[in-house]
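The values are calculated or read from the model by the stated rules, or taken from the named source; none is laboratory data. This is a predicted model, so every value here is computed, not measured. Heads up, the Cβs are rebuilt from the backbone with ideal geometry, glycines too, and the neighbour counts pull from every protein chain shown.
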Amino acid sequence: MSEFETMEKRLQAWHQWLDDNRGDRARLRRAEGPEDILLTDAFFHFLEWLKPSQEWSEKTPILVKACIAGALANVKNDKQMPSRIYHSKSKDDDPTKIASFAEQLATPLEGKNKAPMSELRFQQLQKSPTVDDFYRRIIRAIRLLDGNVNIVSLAKDIAHWHREFEQPLGRNPAKRLAVRWATDYFSVPTPKN
C-alpha cells in the first residue's frame, strides 16, 4: 500500500472516529480559523492519529493540518459518489471515478436543479486572499453540500491550495488548483428542466 493510500485510509478512519468523539468534533467546529484549531486538544488527537504517516507528518505544515482537521470535523458523511464528468473510454478502464470536491460543488443535490455552490461563490473560494478567508469559505462550501463531501479530495485540495498560497505558481497552468477545480466544476452537465 502506497503512502498516499495509507493517508487516505487514516483520514477516513479519523473522520469515523470523530462520530464517537463528539466533544473533539465540537471543539474543532467551534474554531473560527486554523490558528484557533492549533490550540485545541482535539487537534493534537488528530496529529496523533495520523502520526504513523511519516512523510505527511514531516512535509505538511502544521497550519495546513489544522485546516484539514477543522474542515473534516464539519463533514457529516464521506460521500464517495461516481463522477458525472469522467467517462470510461474502454471496458478495461476503471468504469467509475469518484467525484472530486469541486465536482460535488457543481452537482445538484437530490431533488434540486441547481449547483449547491453558485458560480460567484465558487470563484470567491478559488481567489481567497488569506488563509482565514479560505478556511471560512471551505466551511461554507461543506455546509452547502449538507456536510456530504469526498473527504480525501477535500483534504488534498486544502493541502494543494496552501502550497500554492505559500509558493509562487508554476509555469504549467494545468497543475494549478484553480484550473483543476474550474475544469471539474464547469464540466458537470447542467440538469434539463
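Can residue 86 be described as modelled with pLDDT under 90 and of a type in the set (Phe, Trp, Tyr)? For residue 86, the condition - modelled with pLDDT under 90 and of a type in the set (Phe, Trp, Tyr) - is met. Taken as a whole, the condition of being at pLDDT 90 or above and of a type outside the set (A, V, I, L, M) does not apply to residue 167. Taken over region 48-80, the residue count meeting the criterion of being part of a helix (DSSP H, G or I), modelled with pLDDT under 90 and over 13 Å from residue 17 (Cα atoms) is 6. For region 38-45, the count of residues that are modelled with pLDDT under 90 and within 13 Å of residue 68 (Cβ to Cβ) is zero. Residue 129 meets all of the listed conditions (1) in contact (Cβ under 8 Å) with a residue 60 or more places away in the chain; (2) surrounded by fewer than 21 Cβ atoms within 10 Å (Cβ to Cβ) but one, namely (1).
Give the residue that is nearest to the chain's Cα centre (by Cα), with candidates limited to residues of region 130-169 that are among the hydroxyl-bearing types (Ser, Thr, Tyr) and either in a helix (DSSP H, G or I) or within 14 Å of residue 69 (Cβ to Cβ) (or both). Selected residue: 153.
Taking residue 184 as the residue in question, decide whether it is in a helix (DSSP H, G or I) and either touching a strand residue (DSSP E or B) at 6+ places or on another chain (Cβ under 9 Å) or surrounded by fewer than 20 Cβ atoms within 10 Å (Cβ to Cβ) (or both). When the stated conditions are applied, residue 184 does not pass them.
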